1. What per residue convex hull volume, in Å³, comes out for the chain when only alpha-carbon positions are used?
2. What is the packing order of peptides 98-104, 117-123, taking the mean over residues of other C-beta atoms within 10 Å and listing the highest first?
3. Below 8 Å, C-alpha to C-alpha, sequence gap of six or more: please give me the relative contact order for the chain in percent.
4. Just to verify a number: what accessible area does Phe81 come out at with the full protein assembly present, 1.4 Å probe, Å² rounded to tens?
5. Taking all protein chains as present, what is the carbon and sulfur share of the accessible area of the range 19-130, in % to the nearest whole number, probe 1.4 Å?
6. Keeping all protein chains in place, calculate the accessible area per residue for the chain (probe 1.4 angstrom), answer in Å².
7. Where does the charge balance sit around Glu31 when Lys and Arg score +1, Asp and Glu -1, over other residues with C-beta under 11 Å from its C-beta?
8. So, counting K/R as plus one and D/E as minus one, what does the shell of residues with Cβ under 11 Å around Glu139 add up to?
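The values are calculated or read from the model by the stated rules, or taken from the named source; none is laboratory data. None of these values were measured; they are calculated from a predicted model. Cβ placement follows ideal geometry from the backbone for every residue including glycine, while neighbour counts extend to all protein chains displayed. Quick note on the areas: whole protein, heavy atoms, side chains included, nothing else; ligands and nucleic acids left out. Shrake-Rupley method; radii C 1.70, N 1.55, O 1.52, S 1.80 Å.
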Amino acid sequence: MKTATKYFGEIEYEQEEVLTFPKGLYGFEDERAFLLLPFAETGTLFSLQSLKTPQLSFIVMDPFSLDGSYAPVLQPDELQFLGVERSEDLFYYVLCVVKEPVPESTVNMRCPIAINDDGVSMQVILENTSWHMRHQLNEFHREDDEEPEDSGQRKEAPLC
């Protein structure tokens, strides 16, 4: 199949690459099918591209690349909706608002997108957490500058 995208022009994709959001995203409840497209072969920045609206694409990031201690805990009804028993059985992305200069860009660590192995997805609001909706990228520092970016200590997320 083919689709037009905001950042990559027209692309081809397979049905199994589609992330389905049965409840949509907050503020975009009618948008229910997306592709997760990497901006580079390796990296943590992605385009969450709507299949319904070509000009609608959210910038998302791998939250574990920002803070390895990030450990979202979903509510039992959310876990049931996604067909898993544990929050650790899901993949996560956080929405990013890109600003100039880039270190002032913000990420929403409080309301991640959770994805199961079948591509069923939902945006959740984490309860009982210190994470906020607007963390600036410059708040996150790697503890060991000698450590490679992909240390293998974070979950590997599926790519479309």
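1. In the chain, the Cα convex hull volume per residue is 122 Å³.
2. By packing density, highest mean first, the sequence is 117-123, 98-104.
3. Averaging sequence separation for qualifying contacts and normalising by length gives 21 percent for the chain.
4. Phe81 has an accessible surface of roughly 70 Å² with all protein chains in place.
5. 52 percent
6. On the way: 9350 Å² over 160 residues.
Value for the chain: 58 Å² per residue.
7. +1
8. -1
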